[in-house]
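Structure first, then comments.
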Amino acid sequence: MTNKQVIEYESLANSNRQFMDELEAAASRVIRGGWYVLGKEVSSFEEEFASYVGTKHCIGVANGLDALTLSLEAFQLPPGSDVLVASNTYIATILAIVRTGHRPVLVEPELGTFNLDPAGLAKAMTPNTRAICVTHLFGKTCRMDAIGEFARRHGLAVMEDCAQSHGARLGQQMTGTFGSAGCFSFYPTKNLGAIGDAGAITTNDDALADRLRHLRNYGSNQKYVNRYVGTNSRLDELQAAMLRVKLRHLDDLTAHKRALADVYFANLPDSVAKPLRRDDEHDVFHIFGIRHPRRDALRAYLLERGVKTEVHYPIAPHRQEAMKGILSGDFPIADELHATELSLPISAGHTVEEIARVAELIREFEGDGVAS
């Protein structure tokens, strides 16, 4: 095939092209202004993002992992507490638990949604359990109604990993508002993506917000006065300015991605396990993850025809070398998801025609009966 159409999994340059004039103007404003750390761009973004999400506070930090780690630290849990977390989450969620001196306890996800199954929480509880860390994977909200009720009944803190769920809702409530803290990554590939690393924490807890503002800045909220043993994890002015631009367009981007998802839902064959949709969940499709028993063969078939895909994620957390001696046990649902998931192109830079082409090729694959 000499003139095959190449469909990238994602081209950040292409996705950001539509915002280029605004991004360049924002960067120029910051550079010319001469204030580069914890200035007006950060405070303005924090106000705007808190308003968008629906919380009292937003605290900008350097990245999503820091958002998770600092939040757990600010919870002031007893040392060595057990924290319930999905067995198929991205490793960052578990790293934050480990790095704050606590023990991750894995809970299997729902097969259809990739999200933590509330029905598994009771089985995973221990006398030492003090918190639940939920990850809203792929742009779908976890069932925070059931999870929140369980947490209240057992007196557990709740931290939300919202790295993939900017703007996702359960009913009319947005992720980042259900727990004590909502932890966001603005890594460039996210629906709300910076031009580099960036993150934030949302909360309605005044005392927690105050601790977090100290912790991100050497434990200080007043120059040379250190109240806590903190760190350096500050959202910088340039990234805040970029995020302010893109936040204004986030709802339009979400609408575009939902429209692309509709093309997949309408055109993918029934033999492909598509994301589960529920009427009370507003999915934002950071990732469009399908499941297929011959995932690797399907991925190779698409690549041969110019379509690039990703796998989220190829290795389950309990099988990572870094987790030896930390995570143990059998997690067959996580294993199945990691063995069968395939992420299809769906970004701000993709067109309806490109997505229809991807679906067409998958139908051809199924019709060809390609062996694994």
The number of residues in the range 5-58 that are surrounded by fewer than 16 Cβ atoms within 10 Å (Cβ to Cβ), part of a helix (DSSP H, G or I) and touching a strand residue (DSSP E or B) at 6+ places or on another chain (Cβ under 9 Å) is 3
Residue hits (the range 152-191; buried (at least 24 other Cβ atoms within 10 Å of the Cβ) and under 18 Å from ILE91 (Cα atoms)) are MET159, GLU160, ASP161, CYS162, ALA163, GLN164, SER165, GLY182, CYS183, PHE184, SER185, PHE186
Test: ARG103 is basic (Lys, Arg), modelled with pLDDT of 95 or more and under 25 Å from ARG216 (Cα atoms) | yes
So, of the residues in the range 59-85 that are among the acidic types (Asp, Glu) and assigned to a helix (DSSP H, G or I), which turns out to be surrounded by the most Cβ atoms within 10 Å (Cβ to Cβ)?
-> ASP66
Mind listing just one residue for me: the one in the range 106-151 that is among the charged types (D, E, K, R) and under 20 Å from SER165 (Cα atoms) and, of those, surrounded by the fewest Cβ atoms within 10 Å (Cβ to Cβ)?
-> ASP145
The one condition ASN88 fails out of (1) more than 21 Å from ASP210 (Cβ to Cβ); (2) assigned to a helix (DSSP H, G or I); (3) of a type outside the set (Gly, Ala, Ser) is (2)
Residue pairs qualifying under the 8 Å Cβ cut-off, at least six apart or on distinct chains, with the first in the range 57-73 being in contact (Cβ under 8 Å) with a residue 12 or more places away in the chain and under 15 Å from PHE45 (Cβ atoms) and the second being of a type in the set (Phe, Trp, Tyr) and buried (at least 24 other Cβ atoms within 10 Å of the Cβ), are CYS58/PHE45; CYS58/PHE49; GLY60/PHE45; ALA67/PHE184
If you take the residues in the range 257-299 that are in a strand (DSSP E or B) and of a type outside the set (D, E, K, R), which one is farthest from the chain's Cα centre (by Cα)?
-> ALA273
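The values are calculated or read from the model by the stated rules, or taken from the named source; none is laboratory data. Since this is a predicted model, take the numbers as computed values, not measurements. Don't worry about glycine lacking a Cβ; one is built from the backbone with ideal geometry, like all the others, and counts go over all protein chains shown.
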